[in-house]
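The values are calculated or read from the model by the stated rules, or taken from the named source; none is laboratory data. In this text the structure is predicted, and so the values were computed from the model without any measurement. Don't worry about glycine lacking a Cβ; one is built from the backbone with ideal geometry, like all the others, and counts go over all protein chains shown.
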Amino acid sequence: MKARKLPLILLCGAVLTGCAEKSSESIVKPDEPQLAAVQPTTEATSIKDDVLAMIADSGEDFIHFDFTPKGSSFTVSYKGTEFFTIDAGRPVDESDKIKVADYNFDGYDDIFIPDEETSFGHVLGDYYLCDPQTLDFGKSEELGVFFGRGTEMKADLTYKRLIMEYTERASEFIVKDCALNYVWEGGRLVPHSLTKKYENADSIATAEEMFTDTYEFEDGRYEVLKERRVYKNGLNDLLRTEENVGYVRVTDSAVQYMKGGEVVQEIPVSDIHKKSAFLRCMDETGQALPVLYSCIIKEEDYDFDGHSDLRVYVGEGGKGVEGKADFYRYDAESDSYKPWDELNALNADPEVDRKQDKTLTCVTSSSDENTICTQTLSYQWENGSLKPVQRVQKITIYDENGDFFHSQEDTFMYDENGEEYKIKAYIPPTVSG
């Protein structure tokens, strides 16, 4: 018997309302005695035929299923009749925070089974989509959008979009809340639009303006900034709308400085996908949009001139940070990024301290069998040159058992000729045991 594909009902409200998403609390039942997995036998086929007939006779616009954890799988049932088993490949129980929604907008429930949360805030797992004709649940390769893994997304039935929410740390002071929207086209999942919301300030407490950037995608792969809206008082008062503003994006082979859809400058970088996967601790063989390669760049105002500069992770062969990164200074006069010898010469990644006399700080550490030496060097700009202003050296010694034994901290300053002199030595009591 052939099942009907029933039309979707359009829900009213904003984009994120009306999502057909159910938490595990509402769809996971307490564990029951283990049943054998459903095999493609005549009996199993008969059960599916019965369920298909029940669905056809139900007149329901949305077909909802129950998913019950049993051992290392989830059994799928419709109105009390079990008809399929999804092998999760690991032990599962009612604590698993599965998500159930119509992820391909065909009117039937699908399931996302999470298995881990990354340090970047992405919950990874696998999507299983229901085939309305057979009632089989197959793992979706198309939904493996995060370096080949599925990541938790919301299903928006109103606009038939899947929404992937994540954060992007653009600099030490700017964290962007991102919403990447996907749509289905001819059985393929393609990016549709992207929004980034952020406050540009030293801290949230001092933020006076909030920005909302709206992107669309060209060729279904690379994002193009279409509009920037600037608000005050949160998102209550729109101050202005900006177009054709400068921004930086990452492609498969380069870091690009853009204005609208025009490439103003391109900095070639090899093996970007591989390097991005490494930084995110993911498998390099999995697919991902270049918008998720943003981890290889950092936009920071290193010289405090009001313009963001660039740090580009290049892996081996870089000029700065022990051969791992290249620094570029934004030059307003030429409207381009220039290689930056001063920062490339540093042996550590500089951190920006805007509040403390516009200081750059580099921390290095070395160790041997029982001693750790940490050096914190502070720099300031003087007539366009980077000058050292302070060095703090801390030596910590451990005994043969690995227990703390002794430490000493020395502070050094630099005179106008760049000569170093000690101003402070702190020697805490020795601990013996």
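If you take the residues of the stretch 267-281 that are touching a strand residue (DSSP E or B) at 6+ places or on another chain (Cβ under 7 Å) and either aliphatic (A, V, I, L, M) or more than 22 Å from LEU194 (Cβ to Cβ) (or both), which of them is surrounded by the fewest Cβ atoms within 10 Å (Cβ to Cβ)?
Within the stretch 267-281, the match that is surrounded by the fewest Cβ atoms within 10 Å (Cβ to Cβ) is PRO268.
Quick one: what pairs do we get from the stretch 54-74, first residue among the acidic types (Asp, Glu), second in a strand (DSSP E or B), C-beta under 8 Å, 6+ apart or different chains?
Pairs that qualify, where the first residue is among the acidic types (Asp, Glu) and the partner is in a strand (DSSP E or B), are ASP66/VAL76; ASP66/SER77; ASP66/TYR78.
Which of the residues that make up the stretch 253-263 are more than 21 Å from TYR313 (Cβ to Cβ) and not in a loop (DSSP other than H, G, I, E, B)? Give the steps one after another, and end with the answer.
The first filter runs over the stretch 253-263 and keeps only residues more than 21 Å from TYR313 (Cβ to Cβ), leaving 259-262.
Selection gives LYS259, GLU262.
Considering each residue of the stretch 210-252, count those that are polar (S, T, N, Q) and not in a loop (DSSP other than H, G, I, E, B), and give that number. Talk me through it step by step, then tell me what you get.
Initially, the stretch 210-252 is screened for residues polar (S, T, N, Q), giving 212, 214, 233, 236, 241, 244, 251.
Filter again for not in a loop (DSSP other than H, G, I, E, B), leaving 212, 214, 241.
Qualifying residue count, the stretch 210-252: 3.
Considering every residue within the stretch 148-161, establish whether at least one is within 11 Å of ASN104 (Cβ to Cβ), surrounded by 16 or more Cβ atoms within 10 Å (Cβ to Cβ) and in contact with a Ser or Thr (Cβ under 7 Å, 6 or more places away or on another chain).
No, that holds for no residue.
What number of residues within the stretch 99-114 are under 15 Å from ILE86 (Cβ atoms) and surrounded by 22 or more Cβ atoms within 10 Å (Cβ to Cβ)? Show your work before the answer.
Initially, the stretch 99-114 is screened for residues under 15 Å from ILE86 (Cβ atoms), giving 99-100, 103, 108-114.
Subset that is surrounded by 22 or more Cβ atoms within 10 Å (Cβ to Cβ): 99-100, 103, 108-113.
So the count comes out to 9.
Quick one: which residue in ASP202, ASP110, ASP106 is of a type outside the set (Phe, Trp, Tyr), modelled with pLDDT of 95 or more and over 23 Å from PRO69 (Cα atoms)?
Details: ASP202 fails: modelled with pLDDT of 95 or more; ASP110 fails: over 23 Å from PRO69 (Cα atoms).
Selected residue: ASP106, the only one of ASP202, ASP110, ASP106 that is of a type outside the set (Phe, Trp, Tyr), modelled with pLDDT of 95 or more and over 23 Å from PRO69 (Cα atoms).
Looking at ILE55, is it closer than 22 Å to TYR127 by Cα, modelled with pLDDT of 50 or more and crowded, with 16+ Cβ neighbours inside 10 Å? Don't jump to the end; show me each part of the working.
Working: closer than 22 Å to TYR127 by Cα: no; modelled with pLDDT of 50 or more: yes; crowded, with 16+ Cβ neighbours inside 10 Å: yes.
Judged against the criteria, ILE55 is not a match.
To keep it simple, each residue is scored yes or no on (1) touching a Leu at 6+ places or on another chain (Cβ under 8 Å); (2) within 24 Å of ASP126 (Cα to Cα); (3) outside any helix (DSSP H, G or I); (4) at pLDDT 50 or above.
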position	(1), (2), (3), (4)
CYS19	yes, yes, yes, no
SER26	no, yes, no, no
PRO30	no, yes, yes, no
PRO33	no, no, yes, no
PRO40	no, yes, yes, yes
THR45	no, no, no, yes
LYS48	yes, yes, no, yes
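Counting just the residues of the stretch 217-266 that are among the β-branched types (Val, Ile, Thr), out of contact with any Pro (no Cβ under 6 Å at 6 or more places or on another chain) and in contact (Cβ under 8 Å) with a residue 24 or more places away in the chain, which one comes out surrounded by the most Cβ atoms within 10 Å (Cβ to Cβ)? So that I can check it myself, show each step before the final result.
Of the stretch 217-266, the ones among the β-branched types (Val, Ile, Thr) are 224, 230, 241, 245, 248, 250-251, 255, 263-264.
Adding the requirement that they be out of contact with any Pro (no Cβ under 6 Å at 6 or more places or on another chain) leaves 224, 230, 241, 245, 248, 255, 263-264.
Subset that is in contact (Cβ under 8 Å) with a residue 24 or more places away in the chain: 224, 248, 255, 264.
Details: VAL224: 16, VAL248: 21, VAL255: 25, VAL264: 15.
Residue satisfying both the conditions and the ranking: VAL255.
Of (1) under 17 Å from LYS387 (Cα atoms); (2) in contact with a Gly (Cβ under 6 Å, 6 or more places away or on another chain); (3) basic (Lys, Arg), LYS358 satisfies all except one. Which?
All conditions are met except number (2).
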